[in-house]
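K.L.:
I'd like to ask you about the structure that follows.
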Amino acid sequence: KELHFNDFGDRVAQLLHVELASPFTQWRNSNIRQEILIVNTHLLFPHDSTLSLVRLQQVYKILQYVESYQNDFQLKPMPIMLCGDWNGSKRGHVYKFLRSQGFVSSYDTAHHYTDADADKWVSHRNHRGNICAVDFIWLLNPDKYRKLLKASWSEAVFGMFKYLVRRASLTESDAFAFLKADNEDCITYSGFCEALTQLSLTGHCHGLNDEEIKDLWLQAAVDGNGVLDYKEFLQQIWNSTAPDQSDDSKNGEQDDGVNDSQDQTIGFSVKNAVLFPPEVEKGRWPEDYSLSDHARLTVVFSPIRMPCSQLIC
């Protein structure tokens with residue numbers, strides 16, 4: 001399947017639904033279907049700050065499309081791999097968004113790196129001469145407990161909002177005052193929209209559309225009274241964060257002893273991952289290497305049996 005973002009840069013993604021022609025020997029006679037969803041893409045480069053939101057929207061569209069494809073064909077949970085040039089580092093909003101959905105970086109998993117190890121390796125020298133790690137093979141195993149996609153999306157956008165106001169040296173109380181209307185002691189929808197416009201998150205062709213703004217507001221104003229007081233602002237916007245990933249998700253270790261009463265499926269552990277040329281594994285870019293200015297990433301996976309997961313709110 002092809003996914004056209006129909007946005008700036010005319011970027012696309014490809015979805016492959018793969019069933020293994022030669023099932024793994026240990027489960028050859030099992031009724032477990034051995035399938036994988038693989039997505040390949042090349043995200044927009046963040047030439048300016050407004051395009052950071054476009055990149056986040058591109059990933060959101062990918063995950064929405066994968067979710068829709070699984071629902072349309074009534075597929076059971078299966079491994080999902082996202083591959084490509086993401087044009088963003090481990091410090092960026094896209095990386096944090098994918099982590100909030102349970103995806104792990106296969107290379108980091110193989111080398112026992114955490115999310116904080118942002119400078120241990122590089123994979124690209126961009127047109128500005130900067131070296132960075134932007135090429136990933138992401139893995140989401142079917143035993144992961146995932147947040148609802150729309151909730152993770154809202155957290156990602158609120159994280160961008162928080163970054164922008166902090167860059168302007170505003171505290172949380174300053175941010176609340178920025179959002180609420182004059183002479184009001186709470187945030188209204190109109191004040192919320194105005195603040196998003198002032199932060200360049202809306203009001204231009206690359207910004208949030210009306211439906212996305214309404215969805216964000218509904219995620220924040222959960223009690224239904226149409227306004228947000230300071231306590232609700234702190235809880236729903238300022239401190240809106242994705243759940244921490246467990247140690248198991250960081251090191252790729254999985255328990256192969258599953259409960260027979262649960263639905264079972266096939267997942268993958270990361271056995272090895274290497275980058276070429278080898279200098280980039282030390283965070284250095286070789287001066288004489290110019291193959292599209294990207295290092296080649298190769299990951300070896302091993303199949304394991306695991307229970308299916310559920311979404312969490």
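The values are calculated or read from the model by the stated rules, or taken from the named source; none is laboratory data. All values reported here derive from a predicted model rather than from experimental measurement. Every residue, glycine as well, gets a Cβ built from its backbone with ideal geometry; the counts of neighbours run over all protein chains shown. Only protein heavy atoms, including side chains, enter the accessible area calculation; ligands, DNA and RNA are left aside. Shrake-Rupley method; radii C 1.70, N 1.55, O 1.52, S 1.80 Å.
K.L.:
Given an 8 Å cut-off on Cα distances and at least 6 residues of separation, report the relative contact order of the chain as a percent. Can you show the working numbers first?
P.N.:
Details: 518 pairs, mean separation 67.6, N = 313.
Relative contact order for the chain comes out at 22 percent.
K.L.:
For the stretch 64-106, run through the chymotrypsin sites (Phe, Trp or Tyr not before Pro) and keep only the ones in DSSP coil with at most 11 other Cβ atoms within 10 Å of their Cβ. The partial results should precede the final answer.
P.N.:
Values: sites: Tyr65, Tyr69, Phe73, Trp86, Tyr95, Phe97, Phe103; in loops: Phe73, Trp86, Phe103.
Those satisfying the criteria are Phe73.
K.L.:
Show that you can apply the helix-only estimate: for the chain, add -39,500 (n - 2.57) for every DSSP H stretch of four or more residues, divide by all residues, and state [θ] at 222 nm to the nearest 500. Don't skip to the end; give the middle numbers.
P.N.:
Values: 9 runs with 93 residues, N = 313.
For the chain, the value works out to -9000 deg cm²/dmol.
K.L.:
Something else about it: Please give the helix 50-72 orientation as an angle from the longest Cα principal axis of the chain, in degrees from 0 to 90, rounded to the nearest 10.
P.N.:
Helix 50-72 sits at roughly 50 degrees to that axis.
K.L.:
How far, in nm, would the chain grow between Asp115 and Leu234 when pulled straight, counting 0.36 nm per residue and subtracting the alpha carbon separation?
P.N.:
Working: separation 119, 0.36 × 119 = 42.84 nm, distance 2.46 nm.
Answer, rounded to one decimal: 40.4 nm.
K.L.:
Relative to the longest principal Cα axis of the chain, at what angle does helix 189-198 sit, 0 to 90 degrees, rounded to 10?
P.N.:
70 degrees
K.L.:
Let me ask something else. Tell me which residues come under 5 Å, amide H to amide H, from Ser269 once H is placed; ignore anything under 5 positions away on its chain.
P.N.:
Hits under the 5 Å cutoff: Ser302, Ile304.
K.L.:
Angle between the Cα long axis of helix 210-220 and the longest principal axis of the chain, 0 to 90 degrees, nearest 10?
P.N.:
On a 0 to 90 degree scale, this one is about 90.
K.L.:
Over the stretch 152-237, what is the relative contact order in percent, taking alpha-carbon pairs closer than 8 angstrom and at least six residues apart?
P.N.:
29 percent
K.L.:
Over the chain, with the other protein chains present, what is the accessible area per residue in square angstrom, probe 1.4 angstrom?
P.N.:
Values: 15950 Å² over 313 residues.
Dividing the accessible area of the chain by its residue count gives 51 Å².
K.L.:
Now for a separate question. If you roll a 1.4 angstrom probe over the protein chains with everything in place, what fraction of the accessible area of the chain belongs to carbon and sulfur, to the nearest %? All intermediate terms of the calculation are to be shown ahead of the outcome.
P.N.:
Numbers: 7470 of 15950 Å².
Here carbon and sulfur together make up 47 percent of the probe-accessible area.
K.L.:
About the Cα centre of the chain, how large is the charge dipole given +1 on each Lys and Arg Cβ and -1 on each Asp and Glu Cβ? Please answer in debye to the nearest 20.
P.N.:
Details: 30 positive and 42 negative charges, 132 e Å.
The calculated dipole for the chain is roughly 640 debye.
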